[in-house]
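The block underneath contains the structure these notes are about, expressed in structure tokens.
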Amino acid sequence: SGESLAIGGKQLRKGVNEWGKWAVAAVAAVSAVTAAIVKTNLDNIKELKASAAAADETVEAFQRGAFAAEQFGVSQEKYGQILQDVNDRVGDFLITGAGPMVDFFETIGPKVDVTADSFKNLSGSQSLGLYVSSLQKAGASQQEMTFFMEALAGDSTRLIPLFEDNAKAFNALGFEAKA
């Protein structure tokens, strides 16, 4: 009976040691996964802040806009790039009087009393909203809308439904995202 107790004790120790190895491995795996998740989240936050800054938006406003854009098949990354391009084109025209917005200010702006100064101090989404509403007020055809939108930023035509009618869908979806 003493011998079986000794054998049972060895088996118990062996079982505890095996369990301990598995427990250590599991803790290490969970720690590695947690670290990866934290790093990914920090990277996403950093990217979100950079995209918002490039679009001249607050992080919250950018998130609401990105949510709205995603409803029209435009990813957050693409939305950020479009707004950055909008800011670049507006800035280009404000500084040099040249660039892709020349046609807009020569043909559309005078029809709806919108000048380059109208775009000063607007965020990327506000500039895009003014641009689309100006095209609508001027009675631009779908072909003209596409021409002007693509001159402003590649793939921005996909955002016309979001910003048309004084950004009705943009505002509604942005409110939904905030809620």
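Show ASP165, ASP113, ASP155, ASP85 ordered by accessible area, largest first, where the area counts protein heavy atoms only and the probe is 1.4 Å.
Sorted by accessible area, descending: ASP113, ASP165, ASP155, ASP85.
Candidate cross-link partners of LYS49 among the aspartates and glutamates, defined by an alpha-carbon separation under 20 Å and a same-chain spacing of 8 or more, comprise GLU57, GLU60, GLU70, GLU77, ASP85, ASP88. Note that the range 79-179 shows a convex hull volume over its alpha carbon atoms of 89 Å³ per residue.
Using the Cβ-Cβ distance between ASN171 and ASP103 with R0 set to 30 Å, the FRET efficiency from 1/(1 + (r/R0)^6) comes to roughly 0.60.
When a 1.4 Å probe is rolled over the protein heavy atoms, the share of accessible surface on the range 111-179 that falls to carbon and sulfur comes to 49 percent.
The values are calculated or read from the model by the stated rules, or taken from the named source; none is laboratory data. Treat the numbers as computed from the prediction; the structure is a model and nothing was measured. Quick reminder, even Gly has a Cβ in these numbers, built from the backbone with ideal geometry, and neighbours come from all protein chains shown. All accessible areas refer to the heavy atoms of the entire protein, side chains included, with ligands and DNA or RNA removed. Shrake-Rupley method; radii C 1.70, N 1.55, O 1.52, S 1.80 Å.
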